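Below is one structure, written out as structure tokens, with a few remarks after it.
The values are calculated or read from the model by the stated rules, or taken from the named source; none is laboratory data. This one's a predicted model, so the numbers in the text were calculated from it and none came from an experiment. Don't worry about glycine lacking a Cβ; one is built from the backbone with ideal geometry, like all the others, and counts go over all protein chains shown. In case anyone asks, the SASA skips ligands and DNA or RNA and just uses the protein heavy atoms, side chains included. Shrake-Rupley method; radii C 1.70, N 1.55, O 1.52, S 1.80 Å.
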Amino acid sequence: MKWAKQRQAGYPSRHSGSKNIWFYIWRDKWLYLMLAPVITYYIVFKYVPMYGLIIAFKDYNVFKGITGSKWVGLLNFKQVFQTDLFWLSIKNTLILNLSTLAVNFPLTILVALMLNEVKYPLFRRVSQSFLYLPHFMSWVVVAGIATNLFAQTDGSVNQMIKHLGFNGIPFLNSSGWWVFTYVICNVWKEIGWGTIIYLAAITGIDESLYEAAYIDGAGKVQRILYITLPMIRSVIIVMLILSISKMMSIGLDAPLLLGNTKVIHVSEVISTYIYRLGIVKAEYSLSTVIGLFQSAVNIFILILADRFAKLIGEEGIL
């Protein structure tokens, strides 16, 4: 009877293996229709542009197009790898990303733990809203705020420092201080948004574990150390892998807007170098080479991080 009802409801029987894929697509057509915009986005903006990677192996000419340009093989790669500015941009990208990860990653977990301990729902919601807000700000706005705060002559922070009797600090004009300012701006902008996944993971922990620990005399810190952190360990590992896999990627907006000629030897990263080659100098082949190299290294780092996670007993993401 159950089998007959399933057939009447439009579901295939266990013996009807001949149903093709179009049957299932038509049956779940409304679900696929909802999925269509996402699929279209990835096809148009992620997969179709991959055809342009051929430019890395050609002496690309805008007027001749991709197919009409001369094939040069690995000559563009050789030219890029012999450029000192290319290796400087890689070095700066790694320094900025590692510095941001070292500060932002543990602070994000700490903020999530602190928010979870807030017992007043209204205060928690308001706090989360204020923490999420910077994520939706454009880097143009954030860079403007940073300039007003950290400018050496008339910045608010330096004015306070001078009122205390100390000399102004060149936050945006000195290499070390510029890296510090960049990291602080990134942490302020993204720390709230990064807590969402950790808060969701913490919410899924069984409350009976905390109750049992409380009965046994465990304090808040002990409950966090021996229950919360071990229970969200897999989430932490996955987020760490994803963060490490982006070590060679960095946004264009922040280094370009916060940087200047005085700190270009630390603010020149891969994204700004590609921008100057591809947009300013119209060296499309060379900029494509750098982008391809960047993606390949990111994939390699992702695989290594995933293997390491599996070696320490975690599932990984691959």
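Hydrodynamic analysis of the chain uses the Kirkwood radius over alpha carbon pairs. Inserted into Stokes-Einstein at 25 °C and 0.890 mPa s, it gives a translational diffusion coefficient of 101 µm²/s. Residue order by solvent-accessible surface for R124, R233 is R233, R124, largest first, with ligands and nucleic acids left out and a 1.4 Å probe. Of the trypsin sites (Lys or Arg not before Pro) found in the range 51-81, those that fall in a DSSP loop while having at most 13 other beta-carbon atoms within 10 Å are K64. Explain nothing, just the number: dipole magnitude of the chain about its Cα centre with +1 on each Lys and Arg Cβ and -1 on each Asp and Glu Cβ, in debye rounded to the nearest 20. Rounded to the nearest 20 debye, it is 1100 debye.
The Cα center of the range 141-176 and the Cα center of the range 52-126 differ in position by 28 Å.
Would you please state the base-10 log of I(q)/I(0) at q = 0.21 1/Å for the range 235-289, with intensities from the Debye formula using one equal scatterer on every alpha carbon? Rounded to two decimals, the profile gives -0.82. Taking all protein chains together and a 1.4 Å probe, the residues F63, F171, F81 rank F63, F81, F171 from largest to smallest accessible area. If you take all other residues with their beta carbon under 14 Å from the beta carbon of Q294, and give Lys and Arg +1 and Asp and Glu -1, the sum is +2. Ligands, DNA and RNA are left out, and with a 1.4 angstrom probe the accessible area of the chain is 64 Å² per residue. Let's test the formula: R0 of 30 Å, r as the Cβ-Cβ distance of V235 and I264. What FRET efficiency results, to the nearest 0.05? Efficiency, rounded to the nearest 0.05: 0.20.
Just checking the listed ones, I184, I66, I39: in the Gaussian network model of the chain with Cα springs under 10 Å, the one fluctuating most is I39. Among W71, W30, W177, the residue with the largest mean-square fluctuation in a Gaussian network model of the chain, with springs joining Cα atoms closer than 10 Å, is W30.
Loop-located trypsin sites (Lys or Arg not before Pro) in the range 242-318 (DSSP state not H, G, I, E or B) with no more than 11 neighbouring Cβ atoms inside 10 Å: K281. Spin-label model, K119 to K162: label points 7 Å out along the Cα-to-beta-carbon direction sit 4.8 nm apart.
Comparing H265, H163, H135 in a Gaussian network model of the chain (Cα springs below 10 Å), the most mobile by mean-square fluctuation is H163.
Normalised by the number of residues in the chain, the average gap of Cα pairs under 8 Å and 6 or more apart makes the relative contact order 22 percent. Among the GluC sites (Glu not before Pro) found in the range 269-318, those both in a DSSP coil and sparsely packed, with 13 or fewer other Cβ atoms within 10 Å of their Cβ, are E315.
A straight Cα-to-Cα reach below 28 Å connects K189 with the lysines K46, K91, K119, K162, K246, K262, residues fewer than 8 places away in its own chain not being considered. A Cβ-based charge dipole, computed about the Cα centre of the range 64-146 with Lys and Arg at +1 and Asp and Glu at -1, lands at about 240 debye. Could you please state how large a percent of the accessible area of the chain is carbon and sulfur, counting protein chains only and using a 1.4 Å probe? Ligands and nucleic acids excluded, carbon and sulfur give 67 percent.
Scaled against 2.2 N^0.38 Å for its residue count N, the alpha carbon radius of gyration of the range 34-87 is 1.56.
Modelled this way, with points 7 Å down the Cα-to-C-beta line, the labels at K70 and I299 are 2.9 nm from one another.
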